1. Are any residues in segment 31-79 surrounded by 15 or more Cβ atoms within 10 Å (Cβ to Cβ) and on the phi > 0 side of the Ramachandran plot, and if so, which ones?
2. Answer yes if at least one residue in segment 67-85 is in a strand (DSSP E or B) and in contact with a helix residue (DSSP H, G or I) (Cβ under 6 Å, 6 or more places away or on another chain), and no otherwise.
3. Across segment 114-143, which residue is nearest to Y88 (Cα to Cα) among those that are surrounded by 17 or more Cβ atoms within 10 Å (Cβ to Cβ) and not charged (D, E, K, R)?
4. Checking the structure you have, find out if any residue of segment 85-107 is within 15 Å of the ligand (Cβ to nearest atom), of a type outside the set (F, W, Y) and loosely packed, with under 15 Cβ neighbours inside 10 Å.
5. How about segment 132-145: which of its residues are out of contact with any Pro (no Cβ under 7 Å at 6 or more places or on another chain) and in contact (Cβ under 8 Å) with a residue 12 or more places away in the chain?
6. Write out, first by first residue and then by second, each pair whose Cβ atoms fall under 7 Å of each other, whose residues are 6+ apart or on separate chains, and whose first residue, in segment 32-50, is more than 16 Å from K74 (Cβ to Cβ) and free of Cβ contacts under 8 Å to residues at least 40 places away in the same chain while the second is small (G, A, S) and within 13 Å of the ligand (Cβ to nearest atom).
7. If you check N117 against the conditions, is it more than 10 Å from the ligand (Cβ to nearest atom), outside any helix (DSSP H, G or I) and under 19 Å from H146 (Cα atoms)?
8. Where the second residue is within 12 Å of the ligand (Cβ to nearest atom) and in a helix (DSSP H, G or I) and the first is over 15 Å from S17 (Cβ atoms) and lies in segment 112-131, which pairs have Cβ atoms under 7 Å and are six or more apart or on separate chains?
Amino acid sequence: MIKSSTKNIILIGMMGSGKSTTAKKIAEQTFLTHLDTDELISASHQKSIQDIFDAFGEKQFRDMEHKVAKNLPKENHVISTGGGMPCYHENMDVLNNNGITFYLSSPVDLLFSRLKNKKNRPLFKNQLDQLELFLNERLVYYEKAHVTIDISGKNVDQVALEIIDFVNL
Ligand code: S3P
């Protein structure tokens, strides 16, 4: 059923939790349009996220993220966010006011097994304990999400379906 105006679905959580692939899947199966905050930042600076970190540093990246968070469309989108976005400035409140937020929650060893040896994340140093530290520091923000979805033991299709069912689309 086509609904003229639907709240955004906003996916938050750690790197490796599958926010972008799940958001794409939700967009394929609904009339919602997918947006990814890292892609928006990359496109507006015509640089990869790695190159943005190298050229401007993390602090400026967080400022760019905040600007993107404040200017997201108000409805009819499924939005995947960068893993750190909810944890800086007052972004978690901004996101919560802009749609239904879903925290894709996962044990750290699952995240690590998905991320290990990948080189496209400037903050990931290929160390389990470092990832664990990030997760522990960030939980307080992630847990402000409207809904927590435990992704362990589920594939992308199952997670996407769970979210679609939840919002009744
Ligand atoms: C980051 C996660 C990345 C990206 C940047 C910083 C983080 O996004 O925004 O590398 O601080 O966790 P993903 O969560 O999509 O990997």
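1. Answer for segment 31-79, where residues must be surrounded by 15 or more Cβ atoms within 10 Å (Cβ to Cβ) and on the phi > 0 side of the Ramachandran plot: just N76.
2. Within segment 67-85, one or more residues are in a strand (DSSP E or B) and in contact with a helix residue (DSSP H, G or I) (Cβ under 6 Å, 6 or more places away or on another chain).
3. Y141
4. no
5. E132, F134, L135, E137, R138, E143, K144, A145
6. Once the first residue is more than 16 Å from K74 (Cβ to Cβ) and free of Cβ contacts under 8 Å to residues at least 40 places away in the same chain and sits in segment 32-50, its partners that are small (G, A, S) and within 13 Å of the ligand (Cβ to nearest atom) give S42/S48.
7. No; evaluated as a whole, the condition is false for this residue.
8. N120/Q50; P122/I49; P122/Q50; P122/F53
Bear in mind that the values in this text are calculations on the coordinates, not laboratory data. Just so it is clear, the structure is predicted and the values come from calculations on it, not from any experiment. Positions of Cβ are generated from backbone atoms using ideal geometry, with glycine treated the same way; all protein chains shown enter the neighbour counts.
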